[in-house]
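This report concerns only the one structure given below.
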Amino acid sequence: MAGRIRSSLPLFTKALRSDSLSAHRSALGLTDSQFSRNYAAATGQKEERVKVPLALFGGSGNYASALYIAAVRTNSVDKVETELLDLVEAIKRSPTFAQFTRDHSVPAKTRVKAIQEIAGGAKFSEITKNFLVVLAENGRLRNIDSIAKRFGDLTMAYKGEVKAIVTTVIALPPEEEKELKETLQDIIGRGKKVKVEQKIDPSILGGLVVEFGQKVFDMSIKTRARQMERFLREPANLGNL
């Protein structure tokens, strides 16, 4: 998928340089304010009530929620998530593409034409392609990273998954990761599935920090050293000696 996106970047660059692009507008025809409540219905899918598993707020949350509803109705949640992540990765790898998504001076018709070339070359699903076109029309491509993250939060809740972020100095060996995952699974209980995401941060010096849900378990050497430093700086209570 990422390879198809990269292969279509020359078409994208050509579109940016074109001065005679036609206004190829989306059939959705939605404004930014209408998007969150109208997108799913505008895709033409059978109307059915879909409950969003998490209450998301702000512009990125509204866009992610609307896309989630449309993806559920078309049974394409996993595919849409993969396509969004592939696009985000392509943006990170291409300075030109990244600048394009942030540049407000690019005309809407140019943004739409370029994103259609990208989505077509990558063979994205119609749900994802139409969604990206609306983002391009409304000047919201700059928010694609945060939208993808919020969409990921929704898909995890949809699958009954809980993400645990484990920060260490070096990557955990497979057996230690498995043991930690089993421990977290016992804490969370049945009905939820733990998904471990490892982060590397040499600044914690050693140990590990585990974040999941609203809980943080900080067992890093850095934090322990700070706690010991505060303890040693406290005045000694000689009256109890």
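The values are calculated or read from the model by the stated rules, or taken from the named source; none is laboratory data. No experiment lies behind these values; they were computed from the predicted model shown. Note: ideal-geometry Cβ built from the backbone for every residue, glycine included; neighbour counts use all protein chains shown. For accessibility, only protein heavy atoms count, side chains too; no ligands or nucleic acids. Shrake-Rupley method; radii C 1.70, N 1.55, O 1.52, S 1.80 Å.
State which residue is modelled with the highest pLDDT when the search covers only segment 82-98 and only residues that are assigned to a helix (DSSP H, G or I) and among the polar types (S, T, N, Q).
By that ranking, first place goes to Thr82.
Condition check ((1) touching a residue at least 12 places away in the same chain (Cβ under 8 Å); (2) basic (Lys, Arg)) across all residues:
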residue	(1), (2)
Ala98	no, no
Arg111	yes, yes
Asp145	yes, no
Leu154	yes, no
Lys159	yes, yes
Lys163	yes, yes
Glu179	no, no
Lys192	yes, yes
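When the residues of segment 104-118 are filtered to those that are open to solvent by less than 50 Å² (accessible area, probe 1.4 Å) and of a type outside the set (A, V, I, L, M, F, W, C), which remaining residue is farthest from Glu83 (Cα to Cα)?
Among them, the one singled out is Thr110.
Can you confirm whether Leu184 is touching a Phe, Trp or Tyr at 6+ places or on another chain (Cβ under 8 Å) and either in a loop (DSSP other than H, G, I, E, B) or open to solvent by less than 10 Å² (accessible area, probe 1.4 Å) (or both)?
Here the answer is yes, as Leu184 does meet what is asked.
Determine which member of the set Ala148, Ala225 is small (Gly, Ala, Ser) and farther than 30 Å from Thr74 by Cα.
It is Ala225.
For residues that are closer than 18 Å to Glu81 by Cβ and part of a loop (DSSP other than H, G, I, E, B), scanning just segment 29-50, find the one that is modelled with the lowest pLDDT.
Filtering first and then ranking leaves Gln45.
For Pro173, all conditions in the list (1) over 17 Å from Thr223 (Cβ atoms); (2) open to solvent by 60 Å² or more (accessible area, probe 1.4 Å); (3) at pLDDT 85 or above hold save one; what is the number of the exception?
Here Pro173 meets the rest and fails (2).
Give the residues of segment 90-103 that are among the polar types (S, T, N, Q) and open to solvent by less than 40 Å² (accessible area, probe 1.4 Å), sorted by residue number.
The answer is Ser94, Thr101.
Mind listing whichever residues of segment 58-77 are at pLDDT 90 or above, under 16 Å from Asn143 (Cα atoms) and either touching a Cys at 6+ places or on another chain (Cβ under 6 Å) or open to solvent by 30 Å² or more (accessible area, probe 1.4 Å) (or both)?
Selection gives Asn62 alone.
What are the residues in segment 195-205 that are of a type outside the set (Lys, Arg), surrounded by 13 or more Cβ atoms within 10 Å (Cβ to Cβ) and within 15 Å of Glu176 (Cα to Cα), if any?
Once the filter is applied, which keeps residues that are of a type outside the set (Lys, Arg), surrounded by 13 or more Cβ atoms within 10 Å (Cβ to Cβ) and within 15 Å of Glu176 (Cα to Cα), segment 195-205 yields Val196, Gln198.
From the set of residues in segment 119-156 that are outside any helix (DSSP H, G or I) and among the basic types (Lys, Arg), which is surrounded by the most Cβ atoms within 10 Å (Cβ to Cβ)?
That would be Arg140.
Do the conditions hold for Thr110, that is, is it in a helix (DSSP H, G or I), under 15 Å from the mean Cα position of the chain (by Cα) and of a type in the set (S, T, N, Q)? I'd like the intermediate steps shown before the answer.
Details: in a helix (DSSP H, G or I): yes; under 15 Å from the mean Cα position of the chain (by Cα): no; of a type in the set (S, T, N, Q): yes.
No; evaluated as a whole, the condition is false for this residue.
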